[in-house]
1. When Rg is the radius of gyration of the Cα atoms in segment 2-500 and Rh is its Kirkwood radius, what does Rg/Rh come to?
2. How many nm is it between the label spots at residue 99 and residue 263, if each spot is 7 Å from the Cα in line with the beta carbon?
3. If the chain between residue 318 and residue 394 were fully stretched, how many nm would it gain, using 0.36 nm times the residue separation less the Cα-Cα distance?
4. For the peptides 468-477, 319-328, what is the packing order when you average, over each peptide's residues, the other Cβ atoms within 10 Å and list the highest mean first?
5. Over segment 142-247, what number does the Rg to Rh ratio reach, with both radii from the alpha-carbon atoms and Rh per Kirkwood?
6. Restricting things to Cα coordinates, could you compute the convex hull volume per residue of segment 94-183 in Å³?
7. Sort the following peptides by mean Cβ neighbour count (other Cβ atoms within 10 Å, averaged over residues), highest first: 79-89, 108-118.
8. Evaluate E = 1/(1 + (r/R0)^6) for residue 446 and residue 338, where r is the Cβ-Cβ distance and R0 equals 30 Å; express this FRET efficiency to the nearest 0.05.
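What follows is calculated from the coordinates using simple rules that are stated; it is not laboratory data. Not measured: the values here are computed from a predicted model. Heads up, the Cβs are rebuilt from the backbone with ideal geometry, glycines too, and the neighbour counts pull from every protein chain shown.
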């Protein structure tokens, strides 16, 4: 249990920083979706930018962050792994950036932004700078320094939010009110407002790089070729897995833009609506991100201890309990959560419960992936992710022309569900972990049943107060049920405050 407590403490720090940072960043969602000057089609263009960036980030980092965690635990590598990994990414970042810069037009055509070359240029700069921060951030995580990690994350996101407001709000209003305003020195009111949203992101990336300057200054020109080759052999399948993962996670916006019939304005608007509603799965996705940051180095360290399989199984159980509760909190309280985005986007709310379940499956898959990462069988992860990508592309290609973003949501659901099932079956053959899978399936089935009960009851009387009351009763009933079933385990969980103060 001490190991799980350590993971909880790590997850708390990474979680607090990630959740705080993402929540601050997500404040931009209501701001941008309620801003009259930003049309749904403009918001769709922004979604296209942020769909392409993660995909290219996978190519730029080529799995070296995970490879760093895998090899940093070995004593013989500790003196050279940081320099080797960092120098590798620095060199390739300059190379990849040059290639993208020379092919801006082709990149713009691919993501549907050929008429917005400045957005492409800003995106390339963001990708390059983000890549340079990956290994310094990984070192903070590996060395167990979550406080600095938290500060940098939160401060940089706050900078992003400030400059987004400054450009989209203050500068736009100042320029409209005063033809001689000082903001005209760097602000063009004729420029699409999304340009300034992405520019604020670039400023955030630069600030992050500066805050990591101490870690970057510690890089020495010591390159261990043998270690680098081992890391590359380990990481190469992760590139395929990462690419497939991004296809599953963000590429559906691009596919929606490509395959949906109608005008470019209509397609951009549909992308914007889908992207805004996707953000309502914030609670589960934030927890999953925080968990991954704490869990990835934790899993590798636990592999060297006694009976790590039992620890992994208990972690999975607590993880599923938390995300099933989060599913209820978001899906049943939708009358509250929907106000997070502008009313122009509410027509897409039907995708939210589907995406919540999909992200639940994804989180479970991340837990299950420990078997192939520990066994140096990352090619298995690549195959699983490619299968998921194939499902995503196939469903979207067939159904997007008829069902628009609803097809994207169901494609995500079946993709992550399939990956979860395949990884579990395959992993139990290669590295058996005693998951209480029947109990966990029951928990998932129960929350889905509670969702449909809530949907059926509120269908008979559509009243917000009544809906929230029923939601509270059902959520409370589930918490009581979990407390009854897990009464021996739950008291042993660490108190949040205790580990926060560590």
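1. Rg divided by Rh gives 0.96.
2. Calculated label separation equals 3.8 nm.
3. Net length gain for the segment: 24.0 nm.
4. The peptides rank, most packed first, as 319-328, 468-477.
5. 1.16
6. Considering the Cα atoms of segment 94-183, their hull volume per residue is 142 Å³.
7. Ranking, from highest mean packing down: 79-89, 108-118.
8. Once the sixth-power term is evaluated, E becomes 0.75.
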